[in-house]
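A short write-up of the structure that comes next.
Only the coordinates and a few stated rules stand behind these numbers; no lab work does. These figures come from a predicted structure and were not determined experimentally. Cβ sites come from the backbone with ideal geometry, for glycine too, and all protein chains shown count toward neighbours.
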Amino acid sequence: MSSNKHLDFIENDLNELKEKGLYKNIKTIESPQGAWVNIKGKKVLNFCSNNYLGMANHPRVTDAAKNAIKDYGVGPGAVRTIAGDMDIHQKLEKKLAEFKGVEAALSVQSGFKANLSAIPSLVGKGDTIISDALNHASIIDGSRLSRAEIKVYSHNDVNELEEILKQNPPGKKLIITDGVFSMDGDIAPLPEIVELAEKYGAMTLVDDAHGEGVLGDSGKGIVDHFGLHGRVDVEVGTFSKALGVMGGCIAGSKQIVEYIKQKARPFTFSSALTVPDTAATLEAINILSESDELVLKLWDNAEYFKQGVRDLGLDTGGSETPITPVMIGDAKDATTFSERLFKEDVFAQAIGFPLVPQGQARIRAMISAAHSKEDLDFALDKFAKVGKEMNLI
Ligand code: PMP
């Protein structure tokens, strides 16, 4: 009988994760990702989904997926360089470019892959990436894959960013920032970043995962929000949040998008976005293009909930968007708060170290246009109840 000793490290590592409180216990959802979800037969108010506009279960979006399957089947066959572009991918990319006000867009399989595609295509060994300290993991991994030197500036600190640029780091320079930061809900100072990039001859890449469908006119994103059209080199996006589906996007000038298409390994070596994802995303953008009703409802809900939380005497940190951190401080308290909320039928995740600094643990409430005012009042009642029980208010 062969020994399994060579796999002992797995049990040891898993135990260590559990001891450190870093083991991920994942809940099972038995319903669509709507305002309410079913977990173990219990209906709970959903504050954990990035489904900002309720598109994940929008009848037009789900119908688009079903109809596309009838016309095209499910899978894309292979990578696009071998099996070919399907015209539905091209339709989506044309629509995306139009929506974002850029010349061209490329769809890939996820937002994560969009960063793994764009960053190593643009810079390599001998070049420099200048990156915000709170950038998303996919930016960090894409940057590491590129083998460029990575210089990190303190979160949103444009003075520090300029200090780095002044030193004229080697090779091509690429400044990368999240548009909206996912744990705090604050917005990057993109106009200042773009000005510095122009002054020092650096490229810019903004990851607008949490800005698309949220910021700007009809949810066109952070570039539109700041009126920076034509001044940001690459916009990376995801279809998995406000658009309610799955997939990623790289947008910019025709030339830069073509360059990334030619060079990106996840594009060349990994199959394209599935047919239902492509069709559903296209329909979600159609809905956004027709009316800003959902975006306005999202903001109305977000303001209402945030004000309600503040009226309770709780702190919503530096949030400027529907991502609502309810600051608790101690990580164990945040976990207890989240567990007690769950008993009260509110599903809201506790976020602690290492996702946020020690002592800044919080409940992260993700507000959606799918929530009604009654839902938000229900949640506020429960936040008040648990907050009082835990002597936090
Ligand atoms: N970038 C940011 C800023 C994100 O928040 C996320 C999702 N957590 C991603 C990229 C990855 O997107 P996807 O889920 O489509 O891979």
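Amide H to amide H distances under 5 Å link ILE150 with ILE129, where only residues 5 or more positions off or on other chains count and H is placed in the peptide plane. The GluC sites (Glu not before Pro) of the stretch 1-71 meeting both criteria, a DSSP state outside H, G, I, E and B (loop) and at most 16 other C-beta atoms within 10 angstrom of the site's C-beta, are GLU30. Annotation note: trypsin sites (Lys or Arg not before Pro) in the stretch 100-190 located in DSSP loop regions with a Cβ neighbour count of at most 12 within 10 Å are LYS125. Centre-to-centre separation between the Cα atoms of the stretch 282-321 and those of the stretch 25-44: 22 Å.
Extension gain, LEU296-ASN67: 0.36 nm per intervening residue step, less the Cα-Cα distance, totals 79.5 nm. In the chain, the calculated helix contribution to ellipticity at 222 nm averages -13000 deg cm²/dmol per residue, counting -39,500 (n - 2.57) for every DSSP H run with n ≥ 4. Distance between the modelled labels on PHE353 and GLU195, one decimal in nanometres: 3.7 nm (7 Å Cα→Cβ projection). Let me know the shape class of the stretch 314-393, please: from the alpha-carbon gyration tensor, a ≥ b ≥ c as square roots of the eigenvalues, rounded when a/c is under 1.5, otherwise prolate if a/b is greater than b/c, or oblate. Here the stretch 314-393 falls in the oblate category. Taking the DSSP beta bridges with both ends in the stretch 59-290, the antiparallel portion is around 40 percent. Only beta bridges with both residues in the chain are counted; by DSSP, about 55 percent of them are antiparallel.
Sorted fewest first by neighbouring Cβ atoms within 10 angstrom, PHE383, PHE226 come out as PHE226, PHE383.
Classification of the stretch 207-269 by its C-alpha gyration tensor yields an oblate form. The axis ratio a/c (a ≥ b ≥ c) is 1.5 or more, and b/c is at least a/b. Maximal additional length on extending the ILE39-LEU17 stretch stands at 5.4 nm, based on 0.36 nm per residue less the C-alpha distance. In this structure, the pairs whose alpha-carbon distance is over 27 Å, taken from LYS91/LYS263; LYS27/LYS261; LYS100/LYS261; LYS27/LYS241, are LYS27/LYS261. Using only the Cα atoms of the stretch 263-342, build the gyration tensor, take square roots of its eigenvalues as a ≥ b ≥ c, and label the shape rounded, prolate or oblate: rounded if a/c is under 1.5, else prolate if a/b is larger than b/c, else oblate. It is oblate, given that a/c is not under 1.5 and a/b is not larger than b/c.
Could you name the lysines whose alpha carbon sits less than 23 Å from that of LYS199, not counting residues in the same chain fewer than 8 places away? In chain and number order, the partners are LYS151, LYS166, LYS172, LYS173.
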